[in-house]
Amino acid sequence: MSWFLFILLSVFTLGGALAVVATRNVVHAALALLVSLVAVAGIYLILYAEFLALVQVLIYGGAIIIVLLFAIMLTRSGEYPRISDNRQWPLAVVAALGVLGVLVPAFLIRGVDQSRPHHPDFPELANSLFTRWAIPFEVASLVLLVALIGAIIIARTGEDGR
C-alpha cells in the first residue's frame, strides 16, 4: 500500500513541478507549486517524518505560496516586457535527463530500506529549534517580509509619480 501511495504522490510531485515549468500563467504556476509541495509533504508522511510533513505544509505550502501570490497580485505585469521562450530549454531537458539517468540506477541499486520508523525526540527537537536554529528562522521571516514590502512599493510607485 505504501508503495502505491509513494508512486501516486511522486506523480503529483513531478506533475506539479512540470506544470510550474511549462505554464505561462504565473498564478497557475504558483498553484502547481502548491500541489507539488503538498505531495512532498505526503511523501514525508509515508516516511514517518510527521514533523517534516507539518513544516512542509505550514511553511512552504502556506507561507511561501501566500507570499508568492501576494507578490504576483501586487506587481503590475503590464509594465514588464513579454517574456519569450527561453532558448536554453534543450539544455535543460538534457540536464534533467542526465539527473534522471543518475537517480534511477542509484535507486535500483540501493533499493528501499525496510527499517522500522524512527520517531524523533521532540523535546530535543524543540530545544534545537529555539536555540540553535532560532536566528536562521528569524532571518528567513525578515527576508519574506522585505520581499512583501518591496512588492507593495513596486505596486504603489507610478500612481502619483513617487
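Restricting attention to segment 47-56 and to residues that are aliphatic (A, V, I, L, M) and surrounded by 17 or more Cβ atoms within 10 Å (Cβ to Cβ), the residue that is farthest from Phe122 (Cα to Cα) turns out to be Ala53.
Scanning segment 60-96 for residues that are of a type in the set (A, V, I, L, M), part of a helix (DSSP H, G or I) and at pLDDT below 85 returns Ala63, Ile64, Ile65, Ile66, Val67, Leu68, Leu69, Ala71, Ile72, Met73, Leu74, Ala92. Is it the case that segment 2-18 has a residue that's at pLDDT 85 or above, surrounded by 14 or more Cβ atoms within 10 Å (Cβ to Cβ) and either touching a Cys at 6+ places or on another chain (Cβ under 6 Å) or among the aromatic types (Phe, Trp, Tyr) (or both)? Checked against the condition, which is being at pLDDT 85 or above, surrounded by 14 or more Cβ atoms within 10 Å (Cβ to Cβ) and either touching a Cys at 6+ places or on another chain (Cβ under 6 Å) or among the aromatic types (Phe, Trp, Tyr) (or both), segment 2-18 yields at least one hit.
The values are calculated or read from the model by the stated rules, or taken from the named source; none is laboratory data. Computed from a prediction, not measured in an experiment: that's the story for all the values here. Positions of Cβ are backbone-derived with ideal geometry, glycine not excepted, and every protein chain shown enters the neighbour counts.
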